[in-house]
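Take this structure first; my questions come after.
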Amino acid sequence: MKRQLFISSLLIASIFYSCEKKESTLNLNLSDDLSFNGTFNTINSGNLSGTVFLHISNGSYQCFTNLPYGIGAGKLEVNATTIIFIDTLFFIVPAIYGPSYVLSGEHYYNTEGENLKVWKEMNVGSIEYDLNLAQTK
């Protein structure tokens, strides 16, 4: 009887263990078609925040923020710790609006599950982007 109880317990435990949900890991493959929504925050630089949208496809990107002139697009380069946004869409931003904080230039990044965190140190502080992978249909 003890042996049957032990085997039954072992079988039930193995079933529950095999059904454990695996967290998906985000891979920044530039040939993939990925979209992200999220926020950005400046730190020690006016303490500004806003929303941001990022779309990556075939080595290119498009970025939008909720600020005036908040549009950027161009090519991407990615390595283990940095992502470089080579912006080829230039707008002259009037001084009354200030920066638009679209992704441009070299940034550090890391992934956790389906979240992408991108940040950059600037001469007067830093900026952080917290992005979530948008579900595609």
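What is the order of I84, I127, fewest Cβ neighbours within 10 Å to most? Don't skip to the end; give the middle numbers.
Values: I84 15, I127 20.
Ascending Cβ contact count within 10 Å gives the list I84, I127.
From the P(r) of the range 33-133, could you give the percentage of C-alpha pairs in the tail past 16 Å? Present the calculation step by step, with values, prior to reporting the outcome.
Values: 2800 of 5050 pairs.
Cα-Cα pairs of the range 33-133 separated by over 16 Å account for 55 percent.
Tabulate in residue order the Karplus-calculated ³J(HN,Hα) for the range 29-41, using 6.51 cos²θ - 1.76 cosθ + 1.60 with θ = phi - 60°, rounded to whole Hz; enter x for Gly and Pro.
Each residue's phi maps through the Karplus curve to give 8, 5, 7, 6, 10, 10, 10, 10, 10, x, 10, 10, 9 Hz.
Can you give the local net charge around F40? Use residues other than it whose beta-carbon is closer than 12 angstrom to its beta-carbon, Lys and Arg +1, Asp and Glu -1. It would help to have the intermediate numbers written out before the result.
Numbers: positive: K117, K120; negative: E128, D130.
In short, 0.
Rank these for me by crowding, T51, T65, going from fewest to most other beta carbons within 10 Å.
Values: T51 13, T65 22.
Lowest count first: T51, T65.
Report ³J(HN,Hα) in whole Hz for each residue of the range 70-75, in order, from the Karplus equation J = 6.51 cos²θ - 1.76 cosθ + 1.60 where θ = phi - 60°; Gly and Pro get x.
In residue order, the calculated couplings are x, 10, x, 7, x, 9 Hz.
Every number here is computed from the coordinates shown, using simple stated rules; none is lab data. Worth saying up front: this structure is predicted, and the values here are computed from it rather than measured. Using ideal geometry, Cβ is built from the backbone for each residue, glycine included, and neighbour counts are taken over all protein chains shown.
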